[in-house]
1. Can you find a residue in the range 6-26 that is farther than 30 Å from Arg156 by Cα, modelled with pLDDT under 90 and not basic (Lys, Arg)?
2. Which of the residues spanning the range 26-64 are surrounded by 17 or more Cβ atoms within 10 Å (Cβ to Cβ), under 27 Å from the mean Cα position of the chain (by Cα) and either over 18 Å from Glu225 (Cβ atoms) or without any contact (Cβ under 8 Å) to a residue 60 or more places away in the chain (or both)?
3. Can you name every one of the helices (runs of 4 or more DSSP H) wholly within the range 108-181 that holds 1 or more residues which are within 16 Å of the chain's Cα centre (by Cα), in contact (Cβ under 8 Å) with a residue 12 or more places away in the chain and under 17 Å from Glu200 (Cβ atoms)?
4. Does at least one position in the range 65-76 carry a residue that is aromatic (Phe, Trp, Tyr) and crowded, with 16+ Cβ neighbours inside 10 Å?
5. If I filter the range 167-178 for residues that are of a type in the set (S, T, N, Q), more than 25 Å from Thr72 (Cα to Cα) and surrounded by fewer than 21 Cβ atoms within 10 Å (Cβ to Cβ), do I get at least one hit?
6. Are any residues in the range 83-96 surrounded by fewer than 16 Cβ atoms within 10 Å (Cβ to Cβ) and modelled with pLDDT of 90 or more, and if so, which ones?
7. Farther than 30 Å from Phe69 by Cβ and among the hydroxyl-bearing types (Ser, Thr, Tyr) - does that describe any residue in the range 151-165?
8. Within the group Arg261, Arg221, which residue is charged (D, E, K, R) and surrounded by fewer than 17 Cβ atoms within 10 Å (Cβ to Cβ)?
Amino acid sequence: MTPQFSKKAVKIDIGDGAAIPVKKDSGLFNAWWLTFFGAIGIIIYLCVTQPEPYWRILQFLPDGIVVTFQVTVLSILLSLVLGLITGLGRLSRNKTLNLIASTYVEIIRGIPLLVQLFYIYYALGRLEFFKGLPPMAAAVVAMGICYGAYMGEVFRAGIDSIDKGQAEAARSLGFTRAQTMMYVVLPQAWRTILPPVGNEFIALLKDSSLVSILAVSDLLRRGREFASESFLYFEAYTMVALVYLVITLFLSKGVSKMEQRLNYYERD
């Protein structure tokens, strides 16, 4: 007898990311459609009717978009590693490991991300070991550690959603605890974990705007640079907001498609 995949549907709190379009929710779908193409239409309209300054601003932003995605991708990769370790620690029978993982989650979730960015770059930067830490590295470490705590809860909930009989069946076949987790539990849990991970990616991308305070030339920083040089604050920040909106909505649609493809969650 081999372990069978569990079809137990479990909802996981996916935080404060973008609203994920749901196929059966026609109102939300229409709202996404209207907002996404409306934002693109406004950008095109402004660039065509007022190329000075809007087209010039748009040409000034691509470097910042690249940096924003670099920070986001590197941070999400770090947070996934920390999240997996934390989630396993939270489920561990070892009281010491469980306590360490739980304490990490409580501390990190209780401190604002902005404070963590300042602390890692400025406070720890005074220590010999951290001297010369580049702003980009500090930003990735801070955001990775912060979101690692949230990812830990996502992994914990995802793993905990798997029917206990799956692990028992694997153990009866001679699997060790590590093999059971690696080859039986995690592959099934990943289907539950993936959609909220996608939403955390979107939330992290939005929060990446905070790294501009460390002089990281992300999208917001590029907008600030243009505004400070031209004094066109309204125009610059309008374009930055529209670009963020388009990127976020596009990614939210991708997460929605992924969720529909997995066909895992129960729909209301």
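1. First, the residues of the range 6-26 that are farther than 30 Å from Arg156 by Cα: 26.
Next, only the ones that are modelled with pLDDT under 90 stay: 26.
Now narrow it down to the ones that are not basic (Lys, Arg): 26.
Checking the range 6-26: at least one residue is farther than 30 Å from Arg156 by Cα, modelled with pLDDT under 90 and not basic (Lys, Arg).
2. Trp32, Phe36, Ala39, Ile43
3. Numbers: elements: 113-118, 135-160, 164-172, 177-180.
Fully inside the range 108-181 and qualifying: 113-118, 135-160.
4. Looking only at the range 65-76, we keep the residues that are aromatic (Phe, Trp, Tyr), and these are 69.
From what is left, the residues that are crowded, with 16+ Cβ neighbours inside 10 Å are none.
Within the range 65-76, not a single residue is aromatic (Phe, Trp, Tyr) and crowded, with 16+ Cβ neighbours inside 10 Å.
5. Scanning the range 167-178 turns up at least one residue that is of a type in the set (S, T, N, Q), more than 25 Å from Thr72 (Cα to Cα) and surrounded by fewer than 21 Cβ atoms within 10 Å (Cβ to Cβ).
6. Within the range 83-96, Lys95, Thr96 meet the criteria.
7. Taking the range 151-165 and keeping what is farther than 30 Å from Phe69 by Cβ, we get 160-165.
Retained after the next criterion (residues that are among the hydroxyl-bearing types (Ser, Thr, Tyr)): 161.
Yes.
8. On the way: Arg221 fails: surrounded by fewer than 17 Cβ atoms within 10 Å (Cβ to Cβ).
Within the list Arg261, Arg221, the selection yields Arg261.
The values are calculated or read from the model by the stated rules, or taken from the named source; none is laboratory data. If you're wondering where the values come from, they're calculated on a predicted model, not measured in any experiment. Because the Cβ atoms are built from the backbone with ideal geometry, glycine has one as well, and the counts that use them run over all protein chains shown. SASA here: full protein model, heavy atoms, side chains in, ligands and nucleic acids out. Shrake-Rupley method; radii C 1.70, N 1.55, O 1.52, S 1.80 Å.
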